[in-house]
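Everything below concerns the one structure shown next.
The values are calculated or read from the model by the stated rules, or taken from the named source; none is laboratory data. Small disclaimer: the values here were computed from a predicted structure and weren't measured. Note that each Cβ is placed from the backbone with ideal geometry, even for glycine, and that neighbours are counted across all protein chains shown.
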Ligand SMILES: [Zn+2]
Ligand SMILES: [Zn+2]
């Protein structure tokens, strides 16, 4: 059977806070936003500052009127692009926003409404014209935004919790495991199963092994832990993601060389990069 196409494009690869400038120009300074095209379907993972440029690009394609955004968790680096997503301002678009584990005390609609309220933002969410559907789910749920697209989810270890995703489409598998500390000292069967035989698995590689010593409990991981997970889950390409804002381009080049030495085929995510699976 011919495998259908899956195209991944990075619009933001940086963790914690945007860090644009001459020293981060090659890997990029925007916070997490990943576009995955599954045939004609547009799936977006996380709504960091990279979402703004993606929204502008989507408006150029008159064939797209339907978009899904999957949020890993609601820390600011993963949602601060939401008020600037151009399709929200167009009445001919339908946008579904998915997030896990916020109910019953909260919901993704409430989070977006509070993000766009005084004193943090000048206009309320009611300025949006698109048909917006809010989809709250529980970690562990299987999501089917389209008949031919399946997403499996699991809770990862991070302050406030975060959702890992496994996207399956046309025989291709994309996995997103960020932000997470990687369950240090123990094997996490759910995380391994999300990444199992993935063509591309993005992993939280915020810290180096020496940096994480003083940052235990912060909810971020290292590329070495990513390599161990990728080996156990027999991932095809491990992709290091959620780079620390203090790691400039020269530092990232060294990190990339070390990581590919240890695991051939490892990719270090760069803003603007396109990967066809
Ligand atoms: Zn983050
Ligand atoms: Zn976070």
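General observations
- Among the residues making up segment 156-180, those that are within 13 Å of ligand 2 (Cβ to nearest atom) and surrounded by fewer than 23 Cβ atoms within 10 Å (Cβ to Cβ) are 157, 158, 159, 160, 161.
- Yes/no for residue 205 being more than 23 Å from residue 5 (Cβ to Cβ) and away from ligand 1 (no atom under 16 Å from the Cβ): no
- Residues in segment 82-106 that are touching a strand residue (DSSP E or B) at 6+ places or on another chain (Cβ under 6 Å) and exposed (fewer than 15 other Cβ atoms within 10 Å of the Cβ): 94, 103.
- Qualifying positions in segment 54-81 - crowded, with 22+ Cβ neighbours inside 10 Å and not in a loop (DSSP other than H, G, I, E, B): 54, 55, 67, 68, 69, 70, 77, 78, 79
- Restricting 262, 213 to those that are touching a helix residue (DSSP H, G or I) at 6+ places or on another chain (Cβ under 6 Å) and either at pLDDT 95 or above or away from ligand 2 (no atom under 16 Å from the Cβ) (or both) reduces the list to 262.
- Some residue of segment 125-135 being buried (at least 16 other Cβ atoms within 10 Å of the Cβ) and part of a helix (DSSP H, G or I): yes
- Looking only at segment 217-266, residues that are in a helix (DSSP H, G or I) and in contact with a strand residue (DSSP E or B) (Cβ under 8 Å, 6 or more places away or on another chain) come to 10 in all.
- Residue within segment 53-67 that is touching a strand residue (DSSP E or B) at 6+ places or on another chain (Cβ under 9 Å), in contact (Cβ under 8 Å) with a residue 24 or more places away in the chain and under 28 Å from residue 253 (Cβ atoms) present: yes
- Across segment 17-53, the qualifying residues are those that are over 18 Å from the mean Cα position of the chain (by Cα) and not in a loop (DSSP other than H, G, I, E, B), and the one among them that is surrounded by the fewest Cβ atoms within 10 Å (Cβ to Cβ) is 22.
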